[in-house]
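Below is one structure; the comments refer to it alone.
The values are calculated or read from the model by the stated rules, or taken from the named source; none is laboratory data. All values derive from a computational prediction rather than experimental measurement. A quick note on method: Cβ atoms are made from the backbone with ideal geometry, for glycine too, and the neighbour counts reach across all protein chains shown. Surface areas here come from the heavy atoms of the whole protein model, side chains and all, with no ligands, DNA or RNA. Shrake-Rupley method; radii C 1.70, N 1.55, O 1.52, S 1.80 Å.
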Amino acid sequence: MNCIIIDDEPLAREGVRLLIAGIPELRLTGSFNNAAAALLFLQQHPADLVFLDIEMHGMNGLELAAALSGKTLVIFITAHTTYAVDSYELSAIDYLVKPIHRDRFLKAVQKAIAYHGLLHRPENDTITSVAADYMFVKSERKYYKVFFREVLFIEGLKDYVVLYLENRKLITAMNIKTIHEQLPPQVFVRISKSYLINVEHIASFSNNSIQIREHELPIGDAYRTFFFDEFVKTRLIDRG
């Protein structure tokens with residue numbers, strides 16, 4: 001995968017460069033201290049993956065991510081935790097907070113490599129049918145019967161969704177809006193542009209996030225009112 005670094009801090013760029021150098025699947029093709037210069041470069045030299053800071057002079061990282069090609073994957077690297085929800089609204093692969101630990105960096109890159117393979121394969125996996133309490137999902141040339149109770153949550157990335165099940169993950173070619181329309185609303189609730197959750201698996205929640213097993217999922221601003229006014233009040237508090 002061709003990748004570039006965009007960060008206005010020289011030491012941060014060098015740190016990411018060293019981490020990239022240890023991953024044979026990545027090839028660094030550019031390093032930039034501002035988003036405008038990087039965008040000009042990308043118009044002539046498309047990259048598969050961008051390691052992107054957020055707070056920079058001029059165009060910030062969120063604005064650049066919104067302008068990128070649909071097949072360009074983004075891993076945000078920032079010193080601030082306050083942009084996490086915004087990053088997932090842009091379908092970012094991951095959100096790393098400085099200082100970056102090697103294991104956490106590798107985990108983010110492995111996820112990017114997996115999605116890159118999906119975006120470039122010719123086969124179209126999809127959900128083929130939905131019944132009362134299960135659906136058939138086509139993934140990697142097989143059809144899987146998936147009961148709704150098995151699904152912890154669903155993550156959307158561009159034109160693919162990842163179904164996080166109790167013991168495995170399935171990836172299929174469908175955007176999150178389409179799958180949401182096919183699933184029963186009494187079971188699945190949209191909490192952001194990137195996440196659709198099975199309400200039966202909610203362990204806890206706050207104003208900004210929902211905990212499902214070991215996963216902490218952000219609640220998007222556009223979905224917060226529905227979740228609390230329509231779901232929490234009518235389904236949890238009132239019936240309790």
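Maximal additional length on extending the V97-E230 stretch stands at 44.6 nm, based on 0.36 nm per residue less the C-alpha distance. The sum of -39500 (n - 2.57) across all DSSP H runs of n ≥ 4, divided by the residue count of the chain, sets its helix-only mean residue ellipticity at 222 nm to -7500 deg cm²/dmol. For the residue pairs K111/K193; K138/K158; K142/K193; K71/K177; K107/K145; K71/K169, the C-alpha atoms sit more than 25 angstrom apart in K142/K193; K107/K145. With the convex hull constructed from alpha-carbon coordinates only, the chain shows a mean projected area of 13.6 nm² over all directions. Carbon and sulfur together cover what percent of the accessible area of the chain at a 1.4 Å probe radius? Accessible surface attributable to carbon and sulfur in the chain totals 51 percent. Accessible surface calculations at 1.4 Å, restricted to protein heavy atoms, place the chain at 51 Å² per residue. Beta bridges assigned by DSSP with both partners in the chain are antiparallel in approximately 65 percent of cases.
For the pair H57 and T29, a Förster radius of 25 Å applied to the C-beta separation gives a FRET efficiency near 0.60, rounded to the nearest 0.05.
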